Amino acid sequence: MEMINEKKVLDFYISEMDKDTIVFLQNKPWYKNEISKEILKLREESEMHNKIKICKSLWKLLFEASMSYIDPDRRGYDDLFNYFDEYVNFEELIFASDSFYRDHTMHCLWVYFLGEYIFKNQEYGPLFENYNSEKDKFKKMCDAMRRSNHPEIFKGIIDLEVLQDYVDRYNDSMRCLEALTHDLGYPIKKINSINKNIKNILPHFGIKSYSEFDFSYSDIHDNLIKDFLNFISYFYSYSVDSNKESERIIKRVLDFNEYDDMKGVKEEELLSLTEEEIEILKDNEINMQIFYDYSRHMRYSKDFENYQHGIMSAFLLFRKLTVFNSKPFTYSDYKTIRTNKYDYIKTSALASILNAITDHTSEGFQINKFAGDSAFLTFIDELEEFSRISRANQNRQYINEFCKSNIYFEDEYFNVDFIFDNTEIDNLDPEKAFKGRCKRFLTLFDISNLDDNFKLKLKCIGKLPYDNNVYMLEIRKKYAKITINNEEEIIPNYLKSKQFLTREAYSQ
């Protein structure tokens, strides 16, 4: 079976551009031409310095094309691009301070290209059966309302279907922006490594008293940080503005979730409405509204306190780009929102981008199905291994391939094989990599509530003189199992952690 590699995903992306399926590049010949040129150069380049130079240019082109598609406000682009240049330069310093540090400059682009390869490739379609499930439910609801005797009373809801199509056109841009920017805050995480190297050097000069580089936000930043945390703690929805007289009828006809957000229609009840009930419903209006998720706010506050690089990346975008705070937007008690409906859509899309970037390193975030951007970005970020350069050997040479990757469906399982056969890397340890993946995936996936259709097999396959083992993690709803060469391991014992359960306990 053919491995997934850089050229394969780039070829797929070029074919998608040729078919004009990438929404934010449609009717943009200049962007398409420039992006194609850079991709083709990247595809053929082998020298690391030149690859990074190409990636810098390609990153900016893709960011500009995808963000300007959502909103034409470009204020802050130059500032962000200047930061990106410094970010790339800083990575060279981190490479020098940490022999096992792995590239993020190119990695962000490969997350994007791999994500599009998986998302738009029919082979992986079963993974995303829930991705548009809410849209499909909404469409069925609107169709039922059109079939009713008096569709005019639901005109406000039916009109939202047009708005939903408008929302869907942002999806390509959102996935691109999330992938490109999800690791921009990573340098903050590596300050301690740099401090450690300085600490080891200074005593050789007889310097015993020194101050480590440290940082913290001052009081003047409190309001901005609070506004940022509030912004990413809201979620957006629609509701029917009803009076007491009509509320009983509406709840009989429509289904609502726990947040009073419409989620469906009861067609039999709809068709049985009397003329008197229809008259009562004619005065109802559709409102745009937001809710404040306090549990999400607490989770994000903890992430910010710990300088998790996901939320720091999101905060960087929030600070740098005017588009995140330039839209007229007022509300009353988190209910009725007063804004242009298209500004509302843009604002909710921008918030979703920040949510996905934040969630990918948020300790409390879990996946039970692939129904949104947070789950998609986080999972693809974990899969992207084929291009992760590092200095993981005793020389100062860069290693371009930590492991090979194979991603495929087989017997209803989504299979991810990481194949370790690179003898140029000193002390390459497939089992160590496997244990890290087990800890990450057993924490990331909400195994008790996983979607019935999601089944995963992750294998780390040793093809080295000292390790020819096959390490496998299998996950599905209420099931987790670790094996080495088909011999089962007791999960908490193998991972040496009480945080994880036995296979039997996961089934409860």
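The values are calculated or read from the model by the stated rules, or taken from the named source; none is laboratory data. This is a predicted model, so every value here is computed, not measured. Cβ placement follows ideal geometry from the backbone for every residue including glycine, while neighbour counts extend to all protein chains displayed. In case anyone asks, the SASA skips ligands and DNA or RNA and just uses the protein heavy atoms, side chains included. Shrake-Rupley method; radii C 1.70, N 1.55, O 1.52, S 1.80 Å.
In the complete set of protein chains, residue-level accessible area for Arg75 is approximately 140 Å², probe 1.4 angstrom. Modelled label positions at Tyr166 and Asn427, each set 7 Å beyond Cα in the direction of Cβ, lie 5.8 nm from each other.
Could you sort out which of Lys320/Lys455; Lys19/Lys226; Lys251/Lys341; Lys282/Lys341; Lys199/Lys226; Lys37/Lys346 sit more than 32 Å apart by Cα distance in this structure? Where the Cα-Cα span goes over 32 Å, the pairs concerned are Lys320/Lys455; Lys19/Lys226; Lys199/Lys226. Taking amide H atoms as placed 1.01 Å from N in the peptide plane, the amide H of Asp255 lies under 5 Å from those of Lys263, Gly264, Val265, Lys266, each 5 or more residues away in sequence or on another chain. Full extension of the chain between Leu40 and Lys478 gives 153.2 nm of extra length, using 0.36 nm per residue less the Cα-Cα distance. In a fully extended conformation the segment linking Asn89 and Asn121 would gain 8.0 nm over its present Cα-Cα distance, using 0.36 nm per residue. Each peptide among 448-454, 122-128 gets the average number of other Cβ atoms lying within 10 Å of its residues, and from highest to lowest they stand as 448-454, 122-128.
Ranked by solvent-accessible area (1.4 Å probe, protein heavy atoms only, all chains present), the residues Ile461, Ile407 order from largest to smallest as Ile461, Ile407.
Ordered from highest to lowest accessible area with the whole protein assembly present and a 1.4 Å probe, Tyr13, Tyr166, Tyr294 read as Tyr294, Tyr166, Tyr13. Largest first and in whole Å, the equivalent-ellipsoid semi-axes of the range 138-179 read 30, 9, 5, each the square root of five times a Cα gyration tensor eigenvalue.
The Asp159 and Glu276 beta-carbon pair, evaluated with R₀ = 22 Å, returns a calculated FRET efficiency of approximately 0.30. Most tightly packed first, judged by the mean number of other beta-carbon atoms within 10 Å of their residues, the peptides 491-501, 167-177 read 167-177, 491-501.
Couplings 3J(HN,Hα) for the range 4-12, derived from phi with the Karplus relation 6.51 cos²θ - 1.76 cosθ + 1.60 (θ = phi - 60°), are 7, 9, 4, 5, 5, 6, 5, 4, 5 Hz, where x marks Gly and Pro. Computed extension length for Asp18-Asp79: 18.7 nm, one decimal, from 0.36 nm per residue of separation with the Cα-Cα distance subtracted.
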